[in-house]
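One structure is given below, represented as structure tokens, and several questions about it will come after.
The values are calculated or read from the model by the stated rules, or taken from the named source; none is laboratory data. These numbers were taken from a predicted model, which means no experiment stands behind them. Cβ: placed from backbone, ideal geometry, glycine included. Neighbour counts: every protein chain shown.
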Amino acid sequence: MINRRLLLGYFFGIGLSLLTSCRSEVVKENFSALRYSIDTVYIDSKDEIIYLKMRLYTSDYSDSDGMYYNLNNAANQVEQINLNSLELEKIIPFEQEGPNGTGFWTTDLKVTSDQQLFLGGERSGIYSLSGKLLQSFDWFAIEKENGGLLDEERIDYQTVNPNYPKEVFAIVINDKTNSVSLRHLNSSKNSIVIHNIDPNDNYRTYTLGDLSSYNNWDPLLYIKSINDHVIVSHEYANDFHVLYPLKDSLISIAYKSVLFESKVKPTTEGDLNNSIEDRKKALKSYRSQIAYGPFVFDNKNKLYIRLSASVIYGEKDREGHLLPEIASSTLYISTFDENFNHMLDQEIPELNKIGLPKYFTKDGAVWIYQNIDDELSFVRIQF
């Protein structure tokens, strides 16, 4: 069992191999707590252009069918990518208007169950792969006395959990107080429950710009639906929050690492006078310390996994990016058992210039998004 090996601190080797479709390993000796190998796979696009402008931010992997679903927001269609055969399977169109319409903008895509997707944005709902709306969620239909949103509040990101088909969860930002909370909408009860997921005021601490208006840059918060619960975490602090909807119970967890600090040291106070250059300088400082990614779950090894990275930026601008090209970065992997007990933090020295892109787990491996010459590929860390 890998958990036992991690706890006992066995010494393992590290392998590295860069391949196109099939995987092989070249093992080299290295005294480390976690044994892994690395390879790269490329996706056959079948002469189609896979949508990479959002760097797979609005996408999700389905364990049930081995498919990866990537939203092309510009065309309002979903690319279904077969990760077993490593090729584009098909493109699924969605309507913007009408009874099955998704609206004109979508910020979230989540796999809900076999052959169903959640799309969240202007209109939020669960859709079949034929584009039919199966369940809609209307946050603004809930009265304020039942937990409905205030005028100064807006939905940031949403998710659903297959165990609760009539419910949806969202990170909600209050622009007046520059605060954030977790909301739980139960369409059967026509009510919204509010949970505090920022007891340390991290959202306000790391916001840059005018704190009283939309003229600011706010930090990333991640919301993930895993197993029978929902996890909310922050890009600049390692504490995270786990909601168990069945019990309406929220727990908060923090941990210490011997490799990096538990949170980023702020360098710039958010106010109206922050120039664009001031903000960029602050972002560079924050991400050079540490930036945390979201939690994912490795079904094979029964581990929660979280990647994080410290990034040093160069001088050359990147098209479509706020900050320049990455000069170097240090990637870390953190593992937790099924009860969220922190097990280890470890550097992945082979991946020293990728920053912290989109990632997920499949078959005991972490798949990390890479754009190589405008073609979709993944670096895989196999345990």
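Can we say residue 97 is at negative phi and touching a residue at least 12 places away in the same chain (Cβ under 8 Å)?
Values: at negative phi: yes; touching a residue at least 12 places away in the same chain (Cβ under 8 Å): no.
Judged against the criteria, residue 97 is not a match.
Let me ask something additional. Can you give me the number of residues within region 42-61 that are more than 24 Å from residue 156 (Cβ to Cβ) and surrounded by 15 or more Cβ atoms within 10 Å (Cβ to Cβ)?
5
Also: Among the residues of region 151-180 satisfying the criterion of being of a type in the set (S, T, N, Q) and crowded, with 17+ Cβ neighbours inside 10 Å, which is farthest from residue 127 (Cα to Cα)?
The selected residue is 178.
Follow-up. Out of (1) of a type outside the set (Lys, Arg); (2) surrounded by fewer than 17 Cβ atoms within 10 Å (Cβ to Cβ); (3) farther than 17 Å from residue 192 by Cβ; (4) modelled with pLDDT of 95 or more, what's the single condition that is false for residue 138?
It is condition (3) that residue 138 fails.
Let me ask something additional. Applying the selection to region 114-128, what residues are of a type in the set (A, V, I, L, M, F, W, C) and either under 15 Å from residue 72 (Cβ atoms) or in contact (Cβ under 8 Å) with a residue 60 or more places away in the chain (or both)?
117, 119
Further question on the same structure: Does region 2-14 contain any residue that is in a helix (DSSP H, G or I), more than 22 Å from the chain's Cα centre (by Cα), among the β-branched types (Val, Ile, Thr) and at pLDDT below 95?
Checked region 2-14: at least one residue is in a helix (DSSP H, G or I), more than 22 Å from the chain's Cα centre (by Cα), among the β-branched types (Val, Ile, Thr) and at pLDDT below 95.
Can you name every residue in region 97-106 that is of a type in the set (S, T, N, Q) and more than 17 Å from residue 79 (Cβ to Cβ)?
Once the filter is applied, which keeps residues that are of a type in the set (S, T, N, Q) and more than 17 Å from residue 79 (Cβ to Cβ), region 97-106 yields only 100.
Is it fair to say residue 282 is in a helix (DSSP H, G or I), among the hydrophobic types (A, V, I, L, M, F, W, C) and either in contact (Cβ under 8 Å) with a residue 60 or more places away in the chain or within 26 Å of residue 369 (Cβ to Cβ) (or both)?
Numbers: in a helix (DSSP H, G or I): yes; among the hydrophobic types (A, V, I, L, M, F, W, C): yes; either in contact (Cβ under 8 Å) with a residue 60 or more places away in the chain or within 26 Å of residue 369 (Cβ to Cβ) (or both): yes.
The answer is yes for residue 282.
Checking residue 250 against (1) surrounded by 14 or more Cβ atoms within 10 Å (Cβ to Cβ); (2) over 20 Å from residue 161 (Cβ atoms), only one condition comes out false. Which one?
Single failed check for residue 250: (2).
Sticking with this structure for a sec: Please work out if residue 300 is farther than 17 Å from residue 220 by Cβ, touching a helix residue (DSSP H, G or I) at 6+ places or on another chain (Cβ under 9 Å) and among the basic types (Lys, Arg).
So residue 300 fits the description; yes.
Select, from 130, 64, 85, the only residue that is modelled with pLDDT under 95, out of contact with any helix residue (DSSP H, G or I) (no Cβ under 7 Å at 6 or more places or on another chain) and surrounded by fewer than 20 Cβ atoms within 10 Å (Cβ to Cβ).
One residue alone meets the criteria, 64.
Can you tell me which residue within region 141-150, out of those that are part of a helix (DSSP H, G or I) and not basic (Lys, Arg), is surrounded by the most Cβ atoms within 10 Å (Cβ to Cβ)?
146
Restricting attention to strands (runs of 3 or more DSSP E) lying wholly within region 311-377, give those where 2 or more residues are more than 18 Å from the chain's Cα centre (by Cα).
Those strands (runs of 3 or more DSSP E) span 326-336, 342-347.
Something else now. I'd like to check something: does region 107-125 contain any residue that is assigned to a strand (DSSP E or B) and over 26 Å from residue 43 (Cβ atoms)?
yes
Select, from 236, 222, 206, 255, the only residue that is under 18 Å from residue 171 (Cα atoms), surrounded by fewer than 19 Cβ atoms within 10 Å (Cβ to Cβ) and of a type in the set (Ser, Thr, Tyr).
Of the residues listed, the single one that is under 18 Å from residue 171 (Cα atoms), surrounded by fewer than 19 Cβ atoms within 10 Å (Cβ to Cβ) and of a type in the set (Ser, Thr, Tyr) is 222.
Here's something else I'd like to know. Applying the selection to region 76-94, what residues are in contact (Cβ under 8 Å) with a residue 60 or more places away in the chain and in a loop (DSSP other than H, G, I, E, B)? Can you show your working first?
Residues of region 76-94 in contact (Cβ under 8 Å) with a residue 60 or more places away in the chain: 81, 83, 86.
Result: 83, 86.
In this structure, is residue 306 within 22 Å of residue 65 (Cα to Cα), at pLDDT 95 or above, assigned to a strand (DSSP E or B) and among the basic types (Lys, Arg)?
The answer is no for residue 306.
Right, next: Output the residues belonging to region 45-63 that are of a type outside the set (A, V, I, L, M) and within 21 Å of the chain's Cα centre (by Cα).
Once the filter is applied, which keeps residues that are of a type outside the set (A, V, I, L, M) and within 21 Å of the chain's Cα centre (by Cα), region 45-63 yields 51, 53, 55, 57, 58, 59, 60, 61, 62, 63.
Give me the residue from region 32-44 that is under 24 Å from the mean Cα position of the chain (by Cα) and not in a strand (DSSP E or B) and, out of that set, nearest to residue 349 (Cα to Cα).
34
Inspect all residues belonging to region 97-107 and state whether any of them is among the hydrophobic types (A, V, I, L, M, F, W, C), surrounded by fewer than 17 Cβ atoms within 10 Å (Cβ to Cβ) and in contact with a strand residue (DSSP E or B) (Cβ under 8 Å, 6 or more places away or on another chain).
Within region 97-107 (the criterion being among the hydrophobic types (A, V, I, L, M, F, W, C), surrounded by fewer than 17 Cβ atoms within 10 Å (Cβ to Cβ) and in contact with a strand residue (DSSP E or B) (Cβ under 8 Å, 6 or more places away or on another chain)), the answer is yes, since at least one residue qualifies.
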